[in-house]
Every structure is written in C-alpha cells, then in structure tokens.
1. Just checking, which of Asn67, Asn73, Asn104 is out of contact with any helix residue (DSSP H, G or I) (no Cβ under 7 Å at 6 or more places or on another chain) and at pLDDT below 95?
2. Which residues, taken from the stretch 67-113, are among the small types (Gly, Ala, Ser) and under 33 Å from the mean Cα position of the chain (by Cα)?
3. For Leu47, state whether it is within 19 Å of the chain's Cα centre (by Cα) and either aromatic (Phe, Trp, Tyr) or at pLDDT 90 or above (or both).
Amino acid sequence: MLSSIRPCSLPSFGQTRDADSQTLREILSELRAIHDDMQVTETTKLLVAELEMQQNVVNRATENADNARAKLNDIHRDQRHVADELQQLEDLLDKAAIERHKSNVAALKAYET
C-alpha cells in the first residue's frame, strides 16, 4: 500500500514560507511606492499652495503698480492742464500789458500835443 503513494507536487512548508515571504516583500515594496507617491503628492500640494501665495503677492503688487501708474497719469494730465492755464493767463497778462502800454503811449502823445 505504501508503494501506491506517489509523490505529489504539494509545496512543502519551506516553499510556502518562501512564497509568503516573497509576497510580503512585494506588498512592502508596493506600500513604499504608495508612500513615496503620497509624499510627492503632499510636496506638490505644498508647492502649489506656496505658488498660490506668491501669485497673490504678485497680483497685489501688480494692482498697486497699476494704481500708482494711473495716479501718475492723472498727475501728468493735471500738470498739462495747469501749464495750459498758466500759458493762457500769461498771454492775457502780456496782452493787458501791451494794451496798457499802448494806452500810456496814446495818453502821452495826447498830452504832448
């Protein structure tokens, strides 16, 4: 009867242990890869958050620069307006001075005659 028992290809205890160990190593490797991916994801999230903060700073600085540029343009426009008014007033003063001078000359001529 013993001779009728054939050797089977059942894994022995040592083979099962090696397969389990290999499976555990693969699982551990996969977990490490997932962990690395999570670290990269977290790092990416932090970098994106930092970039957003920096972008907000740049946006505020750009807005401030635009506001300052608009104020400067307003000042330049006002300066041109004041310069034009000053020129007109100087022209009026010159005309008035010429008219006064002519009037004085005419009065002097009338006095002399």
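The values are calculated or read from the model by the stated rules, or taken from the named source; none is laboratory data. Everything numeric in this text was worked out from a predicted model, so none of it was measured. Reconstructed Cβ throughout: ideal geometry from the backbone, glycine too, with neighbour counts over all protein chains shown.
1. Result: Asn104 is the single residue among Asn67, Asn73, Asn104 that is out of contact with any helix residue (DSSP H, G or I) (no Cβ under 7 Å at 6 or more places or on another chain) and at pLDDT below 95.
2. Passing the criteria: Ala68, Ala70.
3. So Leu47 fits the description; yes.
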